[in-house]
1. Based on this model, can you work out whether residue 120 counts as modelled with pLDDT under 60 and either touching a Phe, Trp or Tyr at 6+ places or on another chain (Cβ under 9 Å) or more than 26 Å from residue 171 (Cβ to Cβ) (or both)?
2. What's the number of the condition residue 74 fails, among (1) without any contact (Cβ under 8 Å) to a residue 12 or more places away in the chain; (2) more than 19 Å from residue 165 (Cα to Cα)?
3. Could you say whether any residue in region 123-138 is open to solvent by less than 50 Å² (accessible area, probe 1.4 Å), modelled with pLDDT under 80 and charged (D, E, K, R)?
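The values are calculated or read from the model by the stated rules, or taken from the named source; none is laboratory data. Computed from a prediction, not measured in an experiment: that's the story for all the values here. Cβ placement follows ideal geometry from the backbone for every residue including glycine, while neighbour counts extend to all protein chains displayed. We work out accessible area using only protein heavy atoms, side chains counted, and drop any ligands, DNA or RNA first. Shrake-Rupley method; radii C 1.70, N 1.55, O 1.52, S 1.80 Å.
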Amino acid sequence: MHKTEAVVSYAPDSEIVSKIKAGEKDLFEVLIRRHNGALYKVGRSFGLLHDDVQDLMQEAHIAAYLNLGKFESRAAYKTWLIRIMLNKCYHLTMEKSHKSKSDFSEVSHTGEVNFTEKNTSSDGHREVLNRELGRVLEECIEQLAPEYRTVFVLRELEGLNVNETASVMSITEANVKVRLNRAKSMLRKKLESWYPKAAVYEFNLIYCDQVVERVFQRI
């Protein structure tokens with residue numbers, strides 16, 4: 001990151017957006033790096049695999065950049081960006097669902113159906129992974145139904161308030177509260193009350209660099 005970018009990296013999103021609109025395109029890297037973690041957690045909350053999530057993050061950043069002129073500063077950039085990511089996650093999930101049904105229909109005619117376990121316990125790593133707090137937490141959260149999982153991630157891991165969460169998910173504030181309480185109740189049975197935010201769905205720096213590079217290749 002250049003010196004100018006390093007200085008402005010502490011500026012609020014609204015200020016950085018204004019500079020980008022004024023022609024300082026390189027500063028978009030600041031926004032990418034600042035919100036990559038949030039987008040990654042959102043993608044994983046849909047049950048999507050790492051590679052798919054990384055691709056969607058790239059697409060979300062590009063969509064945000066291309067539509068930056070439509071962004072109204074009275075809204076939080078992070079909330080706006082998360083809404084874009086949620087829409088992309090939703091569409092990919094629907095596509096995968098339709099494809100899965102189609103694949104099943106094709107193989108059912110032959111009477112041969114091969115089941116692939118999403119998570120196998122025979123790979124010799126399960127015991128090691130279960131000793132790592134971050135992995136245990138991820139696995140527990142992934143067991144939640146998507147509607148509870150996404151609310152939990154947005155509210156508890158990303159710190160969006162009730163109004164922001166309701167806005168990006170297009171549900172009522174009452175529904176946000178109900179879903180969050182339900183998610184906590186289900187998680188508490190496994191975790192009690194000791195989940196740390198930093199350990200869950202960590203998006204490592206190496207992947208952050210990849211997203212930045214790919215986005216700038218296309219904008």
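1. The answer is yes for residue 120.
2. Exception for residue 74: condition (2).
3. yes
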